[in-house]
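K.L.:
Sharing a structure, written as structure tokens. Questions coming.
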Amino acid sequence: MEVSGRHIVITGAAGGIGRALAGRLAEERPRHLVLADRDIDGARAVAGPLGAQAVELDAGEERSVVSLIEQATAEGGPIDIFISNAGVPGAMGGPEAEDAVWDEAWRVNVMSHVWASRALLPQMLDRGEGYLINTASAAGLLTQVSSLVYSVTKHAAVALAEWMSIEYSERGVRISCICPQGVRTPMLELAMEDAAGAAALTAGGLIEPEDVADAVLDGIREERMLILPHENVAGFMALKGADPERWLKGMRRIVRGAREGTPG
Ligand SMILES: NC(=O)c1ccc[n+]([C@@H]2O[C@H](COP(=O)([O-])OP(=O)(O)OC[C@H]3O[C@@H](n4cnc5c(N)ncnc54)[C@H](O)[C@@H]3O)[C@@H](O)[C@H]2O)c1
């Protein structure tokens, strides 16, 4: 799908990948661009120079996601492309993370995509056209060694996109799932605090949010389900699929090496 002339909504657009996406897609002259974030001042600061509409959003609440869609539709008409990009890192470590942390991650990293799809699919299926995109992560295809909460919720976001792609793509609604590895944004800083997390992330090479935005624009044009801004992620997936035990051994070696201070 070409993005010029389209009505595009991006969540989590006050910073990081969302802000870069907003800047890149604005260059393509959409009909209407809406930038939503819980940081409304940040969203306004990004939206102003782009001539975009800024909307305050709590992506962890269905009411708020529905209200975003209503406000965007009131100003710009039917939404063509909805990029559900807001995400939270959860907590470092394993199952000991508190239920409140799990709950927020499920709501923001998974349910926000469900709620947007629930609100938008009926009208998109009626029109026989529309595009739903979520930002998952390579952590949803491989893993994120520093955080169980993040890995589990991002796997769910990938599963959601796969299911929807199979079900709806032949009825006119395109689905894409953005799966970057390490991207230099504020979110990355938390994962980099953990030696194993940093080793695994830097193994794939760190890229800039603008690189992700370029890959997303290409992915939308080509209507690709999986958008992989890091070249080596497809190779890691192939290795995992071909020999999961070998892949797990390799991941254990990276974690052990990073924690013991020896190369993996
Ligand atoms: N940075 C990376 O290395 C990386 C890698 C893979 C995937 N991702 C994913 O990319 C997406 C964007 O992350 P980023 O790296 O730009 O992080 P970021 O922290 O820089 O930006 C996230 C944005 O989402 C907003 N947000 C968070 N919770 C929200 C909520 N409940 N309601 C509304 N807005 C909310 C924040 O205010 C912020 O503007 C996330 O889904 C993240 O999981 C990031």
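K.L.:
Which residues, taken from segment 78-93, are more than 19 Å from D39 (Cα to Cα) and either buried (at least 24 other Cβ atoms within 10 Å of the Cβ) or in contact with a Gly (Cβ under 6 Å, 6 or more places away or on another chain) (or both)?
P.N.:
Within segment 78-93, I79 is the sole residue that qualifies.
K.L.:
Continuing with the same structure: Taking the residues in segment 98-117 that are over 19 Å from the mean Cα position of the chain (by Cα) and assigned to a helix (DSSP H, G or I) as candidates, determine which candidate is surrounded by the most Cβ atoms within 10 Å (Cβ to Cβ).
P.N.:
The first filter runs over segment 98-117 and keeps only residues over 19 Å from the mean Cα position of the chain (by Cα), leaving 98-100.
Next cut, assigned to a helix (DSSP H, G or I) only: 99-100.
Working: D99: 7, A100: 9.
Only one residue tops the list, namely A100.
K.L.:
Continuing with this model, one more query. Considering only residues that are surrounded by fewer than 18 Cβ atoms within 10 Å (Cβ to Cβ), more than 16 Å from the ligand (Cβ to nearest atom) and not acidic (D, E), which ones fall in segment 21-77?
P.N.:
Hits for segment 21-77 are R29, R31, P49, G51, A74, G77.
K.L.:
Pairs, please: C-beta under 7 Å, at least 6 apart or cross-chain, first residue farther than 10 Å from P209 by Cβ and of a type in the set (V, I, T) and in segment 175-189, second within 6 Å of the ligand (Cβ to nearest atom) and at pLDDT 95 or above?
P.N.:
What qualifies is I178/T135.
K.L.:
Return the total of residues in segment 117-140 being touching a residue at least 60 places away in the same chain (Cβ under 8 Å) and within 12 Å of S84 (Cβ to Cβ).
P.N.:
So the count comes out to 3.
The values are calculated or read from the model by the stated rules, or taken from the named source; none is laboratory data. Predicted, not measured: the structure shown is a model, and the values here were computed from it. Cβ atoms come from the backbone with ideal geometry, glycine included; neighbour counts cover every protein chain shown.
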